[in-house]
Amino acid sequence: MFHSKLYRYVAVSAALLIGAGCGDSPTGTTPPALERGGATASLHEGYIAQGYLVKRNFTLPNDTSVSTTITPEGGFLWFAEVGLFMYFPEGAVSAPITVTATALKGNRTAYDFQPHGTVFNTPIYVAQELLLTELNTPRAKQKRPEVWGAYLSHGAEDILSDGSARLTEVFNAFYHGKGSETLAVFTTTHFSGYAFGSGRREAPAGF
C-alpha cells in the first residue's frame, strides 16, 4: 500500500510540472496560482481579505506534523493523515533542507510550514486531497467551486470561530485529477502558515 501511494504521488508530481509547463489544467487555462507564485507575503502590512476555509470531514484533536528532507534534486512531502501533498521541483532549494508540515488542530485545512521564512528558488506545489473534505460531495464535484490558497501571517490566530480566516495573501488554486483523487493545488515561493479556502473572499469591516 505504501509503495502504491508513493508511485501515485510521484506521478502526480510529474503531471503537475508538465501541466504547468504546457499551460494546461483541468479547466483548460494556465494555473492562475503560477501567476502569483513569486509574490512575497512580507509585501503586505496587514490583512487584505477574509474567507472561509475548506472543512475536513473529521476533526484533529491536536496539531500533528510530518517532516522530510528536500535536496537540490527536488522531492515531495506526503502527509497521508490529512491528505496534504507538497512537491518541490528540482532546483527549488540550493542545499538539503528538512521541511515540516504541521496540520493545525480542528476541522479546517490549515497548516504551518517550517522553517519559517524559507524562500524557494522556484515555486513549489501545495496540494490538498479533497476526498475527506466538504468539496467531495456530488454537488461540489459537479460545480467545482472556486478554490484558493491563503497565507495566514499569524497561523491559528487568524482562524475565526465561524470557520473563516483573516488572510494576508491569497493565491488562486486549480483542480487536478478526477473523482476521489481530485486535488486542489496552489503554488508559493515561501514558508509560513497556509490554508485552503473556498467560497466568498471579502475584506471584513475595519480593514
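Of the residues making up the range 67-88, one or more are modelled with pLDDT under 95, surrounded by fewer than 19 Cβ atoms within 10 Å (Cβ to Cβ), aliphatic (A, V, I, L, M) and within 15 Å of the chain's Cα centre (by Cα). For the range 62-114, the set of residues classified as in a loop (DSSP other than H, G, I, E, B) and over 23 Å from Leu131 (Cβ atoms) consists of Pro72, Glu73, Pro89, Glu90, Gly91, Ala92, Val93, Ser94, Ala95, Pro96, listed by residue number. So is Arg166 farther than 19 Å from Glu181 by Cβ, among the basic types (Lys, Arg) and touching a residue at least 12 places away in the same chain (Cβ under 8 Å) or not? Against the criterion (farther than 19 Å from Glu181 by Cβ, among the basic types (Lys, Arg) and touching a residue at least 12 places away in the same chain (Cβ under 8 Å)), Arg166 qualifies.
The values are calculated or read from the model by the stated rules, or taken from the named source; none is laboratory data. Since this is a predicted model, take the numbers as computed values, not measurements. Positions of Cβ are generated from backbone atoms using ideal geometry, with glycine treated the same way; all protein chains shown enter the neighbour counts.
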